[in-house]
Amino acid sequence: MEPSLSIPLKLYREGSVTFYSTDLEHLERMGLSYTKAPVFYNPRMKLNRDITISIVRSLNVESAADLMAASGVRALRLAVEGGVDEVLANDSNCLAVHVIKLNARLNGVRIRATCSDARLEAEKLAWEGNRPHYLDLDPFGSPAPYMDSFLRAVRRGGLLGVTATDTPPLFGIYPDKLFRYYGVWGRKLPFHKEFGIRALISFTVRVAARLDLIARPLLSYGREHYVRVFFSIDRGPSASSRQLRGSLGWVETCDGEHVIHKGIDLPDAECGELLGPLWLDEITDPQFLDGVTPINEEVERLLNALREESGGPPLYYMLDDICSRLRVKTPKMSDVIAALRERGYFAARTHLEPLGVKTTASRAEIEEIVREITAS
Ligand SMILES: C[S@@+](CC[C@H](N)C(=O)[O-])C[C@H]1O[C@@H](n2cnc3c(N)ncnc32)[C@H](O)[C@@H]1O
């Protein structure tokens with residue numbers, strides 16, 4: 001007899017929904033990672049879904065699709081908590097789609113569930129003119145191969161939520177892959193997490209421009225193993241030309257100082273290597289943030305952190321990096337930020353790094369402040 005392997009399902013609860021997915025503890029006991037689950041579910045992405053629900057609920061979205069839906073937890077939450085009438089959940093794993101249907105019945109909601117390739121399904125939505133108001137792009141790894149079809153599929157005036165878990169290329173650890181997937185030159189620098197978010201936005205606005213669309217970043221953040229950006233999508237050939245010229249640009253680091261060159265035209269390098277093209281405008285729109293009502297305290301904390309850093313310059317300096325070069329103990333972040341503000345600079349923490357300082361001051365000025373604080 002052929003040996004058979006069965007992996008039980010378990011009933012989970014997240015937000016206001018109850019759903020079946022692979023029993024992750026059972027999987028772990030078998031020495032398998034959650035990424036090997038026959039039906040995928042990652043409880044660590046709850047905040048990612050909580051923010052999605054906070055946004056969708058605040059905007060009164062009528063139709064939404066998760067074309068890589070796995071267990072369907074996000075689609076279920078969009079229907080139950082997001083108040084979305086028309087929800088589509090698709091996955092290329094037909095076993096997952098079977099479980100999505102089971103989960104929809106369990107929660108008493110109507111979800112259209114299909115088993116297909118996400119790109120085919122997206123192209124179909126665009127072709128039929130049945131574009132959802134909110135579309136979620138949540139792949140294993142890079143969203144880059146899906147971007148064209150997803151941008152075509154989202155309604156004009158709608159929203160695209162993009163998750164990228166391929167942080168090693170985005171953060172410049174694999175520069176070749178960063179260039180191949182995103183068309184951005186980079187390498188790992190102290191501000192690599194924000195660099196990755198800006199590379200993802202740069203890529204998305206350039207793909208959108210090729211389709212005569214304009215993608216505008218509304219809310220961006222990074223956490224654990226992923227970065228996430230919500231974009232508004234509209235038609236706009238001339239607006240997107242202006243956006244490419246005005247909002248993209250290049251970055252250099254000259255002896256640790258950031259040198260920002262705004263504008264898509266390739267500038268003369270001041271001291272070394274030009275990295276980009278990167279998105280150099282705001283990565284989060286404070287007005288958009290004000291319209292989002294957080295569904296819980298964790299979302300509220302993150303939105304507050306994003307609010308605090310908005311209005312600042314691109315990128316950040318790492319305090320530990322500065323202090324190790326100066327051979328001094330790292331002072332309290334709050335003291336450094338207060339001293340910078342006292343001198344009239346914009347200064348704020350970044351949500352991406354506990355020791356990251358976003359400021360309009362130069363690195364030399366931060367060093368001077370650090371010396372003063374640590375000498376006193
Ligand atoms: C990261 S999971 C999605 C998680 C889900 N959105 C959530 O919030 O729980 C990625 C899913 O994409 C599916 N997938 C991978 N490649 C796909 C493709 N080309 N088309 C459709 N689904 C795909 C996988 O089967 C997996 O279920």
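The values are calculated or read from the model by the stated rules, or taken from the named source; none is laboratory data. All values derive from a computational prediction rather than experimental measurement. Methodologically, a virtual Cβ is constructed for each residue, glycine included, from the backbone with ideal geometry; neighbour enumeration extends over all protein chains shown. SASA here: full protein model, heavy atoms, side chains in, ligands and nucleic acids out. Shrake-Rupley method; radii C 1.70, N 1.55, O 1.52, S 1.80 Å.
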Partnerless cysteines (no other Cys beta carbon under 4.7 Å) identified across the chain are C323
Nearest 5 is fine: what % of DSSP beta bridges in the chain come out antiparallel, could you say?
70 percent
1/(1 + (r/R0)^6) with r = Cβ-Cβ of C115 and L266, R0 = 56 Å, i.e. FRET efficiency to nearest 0.05, evaluates to 0.75
Kirkwood hydrodynamic radius of region 77-133 from all distinct Cα pairs, in Å?
12.0 Å
Between region 87-150 and region 288-361, what's the alpha-carbon centroid distance in Å?
37 Å
If each of K46 and E372 carries a label point 7 Å out from its Cα toward its Cβ, how far apart are those two points in nm?
4.4 nm
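When the helix-only estimate is applied to the chain (DSSP H runs of n ≥ 4, each -39,500 (n - 2.57), divided by the residue count), what is the mean residue ellipticity at 222 nm, nearest 500 deg cm²/dmol?
Helices in the chain give a 222 nm mean residue ellipticity of -12000 deg cm²/dmol.
Keeping every protein chain present and rolling a 1.4 Å probe, give me the accessible area per residue for the chain in Å². Present the calculation step by step, with values, prior to reporting the outcome.
Working: 16710 Å² over 376 residues.
Accessible surface, normalised per residue, equals 44 Å².
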Expressed as a fraction of 2.2 N^0.38 Å, the rule-of-thumb size for a compact globular protein of N residues, what is the C-alpha radius of gyration of region 316-375?
0.97
Taking placed amide H atoms and a strict 5 Å upper bound, the residues 5 or more places from Y134 or on another chain that come that close are S63, A64, A65, L159
Given the chain reduced to its alpha-carbon atoms as identical point scatterers, what log10 I(q)/I(0) does the Debye formula return at q = 0.07, 0.10 Å⁻¹?
-0.34, -0.68
The helix 118-128 Cα axis meets the longest alpha-carbon principal axis of the chain at an angle in degrees, between 0 and 90 and rounded to 10, of 80 degrees
In whole percent, and with a 1.4 Å probe on the protein chains, what portion of the accessible area of the chain is carbon and sulfur?
50 percent
Enter the accessible area of T253 (Å², nearest 10), with the probe set to 1.4 Å and all protein chains included.
40 Å²
Measure of size requested: the Rg and Dmax of region 190-348, with Cα atoms as the atom set and Å as the unit; please supply both.
17.2, 53
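Name the shape class, rounded, prolate or oblate, that the alpha-carbon gyration tensor gives for region 177-241, where a ≥ b ≥ c are the square roots of its eigenvalues, rounded holds for a/c under 1.5, and otherwise prolate holds if a/b is larger than b/c and oblate otherwise.
In terms of gyration-tensor shape, oblate.
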Do any of K46/K332; K177/K262; K10/K46; K262/K358 go past 21 Å between their Cα atoms, and which?
K46/K332; K177/K262
